[in-house]
Amino acid sequence: MSTHPQATRRFRTSLLVVVAGLTALAGACGSAGNRTASGGTSGGTTSAPSARSAAGSATKHTGVVDVLSAGSLQILMQDTVAPAFKAATGYTLDNFSAGSKDLAQDIKGKIKVADVFVSASPTVNTSLQGTANGNWVSWYAAFASSPLVLGYYPKSRFAHDLRTMPWYQVITKPGFLLGRTNPAEDPGGVLQAEALDETAQARHLPALHALATETKDEFEETALEGDVESGQLDAGLMYLADANSDKLPHVDLPGVHLAGDYTITVVNGAPHAAAAAAFVKFLLGPTGRAEMRKDQFAIVSPPKVTGTGVPASLKGALGS
């Protein structure tokens, strides 16, 4: 605020200045009371940001969590879990999916850095436990399972047969292109070969034994579903959750009772331990479970923990 150049000589002008000053002061006080929460207060009284806003900002973080997950979880992790986890916590999920056995070898060989390891088989975790294996894993929790099915290309020339005939008869027809994963890389591949062998023995079908031992029909886990989805393969042995996430029709395998049993752990020495704990809590929490149920995972509740050394911050989430 400025005064008239001759205010000191004229009483009337001086009085006007005083009045103007008082008016401005009153206006300033009034405007201070009308500022919103982003700039201060609302409604003419001063108040702190709402507890809800404060709590929301307190739960947001920055940084990355590095997750190595079974290939059958790739779409779930990247398309649904990653954005939901980011929105809920602020952390960014950096997921890499492949055969669980391959991922374990990558951890042991220090080829890939992992905060969290999610496997499709409990036995894979044992290859990371103990001094001889580098003490990468001390505990793991089984949290979900999914049965083995035959997912198929909906426009395959064999699609009608798969819907109307026993699956084991259709896959041995001339020209049928079947895909499965390498048992040496993926525990799912072990189950797939077992399913073929069991059915071959039960149905007296030597041709299925041959399919269980061939290598030309072996694919990387993440590539298998894509090849079925694009029609390069007529069908592939996969988990039900896999078929659902890829929106592939499937047929069950009567008489075959094999499933992928999913486990999760925080790798010892995880570079981003806080983000890793947040991810485990999220995946095993209401939102994560809801997303898994959409793909028809069978949820293990509470998760079944094997081993010792679960961090105190995770005992509630793991029910231990």
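Here are some notes:
- Screening the candidates Phe85, Phe176, Phe117, Phe96 for the property of being assigned by TED's automatic domain parsing to the domain that holds Leu240 and either touching a residue at least 12 places away in the same chain (Cβ under 8 Å) or touching a His at 6+ places or on another chain (Cβ under 6 Å) (or both) yields one hit, Phe176.
- Residues that are crowded, with 22+ Cβ neighbours inside 10 Å and aliphatic (A, V, I, L, M), drawn from the range 78-106: Val81, Leu93, Leu103, Ala104
- For the range 195-234, taking the residues that are more than 23 Å from Arg163 (Cα to Cα) and touching a residue at least 40 places away in the same chain (Cβ under 8 Å), the one that is surrounded by the most Cβ atoms within 10 Å (Cβ to Cβ) is identified as Glu221.
- Among the helices (runs of 4 or more DSSP H) confined to the range 205-320, the ones with at least 1 residues that are out of contact with any strand residue (DSSP E or B) (no Cβ under 8 Å at 6 or more places or on another chain) and farther than 22 Å from Pro83 by Cβ are located at 206-213, 221-230.
- Selection from the range 84-137 of residues that are assigned to a strand (DSSP E or B), closer than 24 Å to Glu225 by Cα and either more than 14 Å from the chain's Cα centre (by Cα) or not hydrophobic (A, V, I, L, M, F, W, C) (or both): Asp94, Asn95, Ser97, Ser119
- Contact map, the range 242-271: residues that are under 19 Å from Ser97 (Cα atoms) and buried (at least 22 other Cβ atoms within 10 Å of the Cβ) paired with residues that are at pLDDT below 95 and polar (S, T, N, Q), Cβ distance under 6 Å, separation 6+ or inter-chain. Pairs shown: Asp242/Ser72.
- Matching entry among Thr181, Thr222 (being at pLDDT below 95, closer than 25 Å to Lys155 by Cα, touching a Ser or Thr at 6+ places or on another chain (Cβ under 7 Å) and polar (S, T, N, Q)): Thr222
The values are calculated or read from the model by the stated rules, or taken from the named source; none is laboratory data. Being a predicted model, the structure only gives us computed values, none of them experimental. Glycine gets a Cβ as well: all are built from the backbone with ideal geometry, and neighbour counts include every protein chain shown.
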